[in-house]
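One structure is given below, encoded as structure tokens.
What follows draws every value from the coordinates through simple rules; no lab data is involved. This structure is a prediction, so every number in the text was calculated from the model and none was measured.
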């Protein structure tokens with residue numbers, strides 16, 4: 001049998017974690033891969049090491065979604081979209097990773113990638129941090145709104161007398177894919193960041209932020 005790679009182990013671990021944190025144990029992971037637990041400990045000495053590696057695995061895949069060419073606007077949006085795609089593809093894993101590793105290693109690689117794009121484009125430290133923070137907050141908020149569960153309010157269930165405008169828009173609402181909201185919002189936010197930067201660049205006497 002070919003020796004397992006760390007990536008194969010991590011991919012299997014993510015599949016288990018997507019069932020919920022309790023589903024991921026070293027024994028369950030070994031069974032899924034049809035190996036002994038000892039084969040896993042060769043790569044990951046403990047479950048804590050495995051969980052750290054999963055977080056690094058998720059962050060690396062998100063950062064890999066960044067476009068290496070194009071303007072800073074294109075590259076920043078690509079990173080934001082990659083975050084959403086990771087959350088949609090592996091919701092339980094994404095929620096666990098972001099709950100436990102937000103803004104700290106190894107998940108800070110995402111923040112690092114965004115800040116690097118902005119600083120390399122000529123943003124000041126303050127501008128880069130505000131831009132990065134605004135984009136991340138929007139993406140996280142978008143994910144919270146799109147992760148609907150059964151029982152959530154549907155506009156088609158609203159009383160048309162009390163909610164005439166929303167009721168009249170229910171068909172239009174249902175026709176808009178969730179990703180369209182993300183694209184629309186990101187474009188507006190990034191365009192706003194660019195416009196604010198241009199305004200500041202036209203004011204040379206203003207103290208650098």
- What is the distance in Å between the Cα centres of the stretch 77-108 and the stretch 111-150? 12
- Message: Just checking my list (1) 19.6, 75; (2) 21.3, 68; (3) 18.6, 69 against Rg and Dmax of the Cα atoms in Å computed from this structure; which label fits?
- Response: (2)
- Query: Under a GNM of the chain (C-alpha, springs under 10 Å), which listed residue has the highest mean-square fluctuation: 164, 45, 178?
  - Reply: 164
- Note on the structure: To the nearest 10 degrees, the tilt of helix 125-146 (Cα long axis) against the first principal axis of the alpha carbons of the chain is 70
- In a Gaussian network model over the chain where Cα atoms closer than 10 Å are linked, find which of 83, 110, 193 has the largest mean-square fluctuation. 193
- Message: For the chain, take the longest principal axis of its alpha carbons; what is the angle in degrees between that and the long axis of helix 178-201, to the nearest 10 within 0 to 90?
- Response: 60
- Item | Residue among 183, 159, 142 with the largest mean-square fluctuation in a Gaussian network model of the chain, springs linking Cα atoms under 10 Å | 159
- Query: Taking the Cα atoms only, what angle lies between the long axis of helix 6-17 and the longest principal axis of the chain, rounded to 10 degrees?
  - Reply: 70
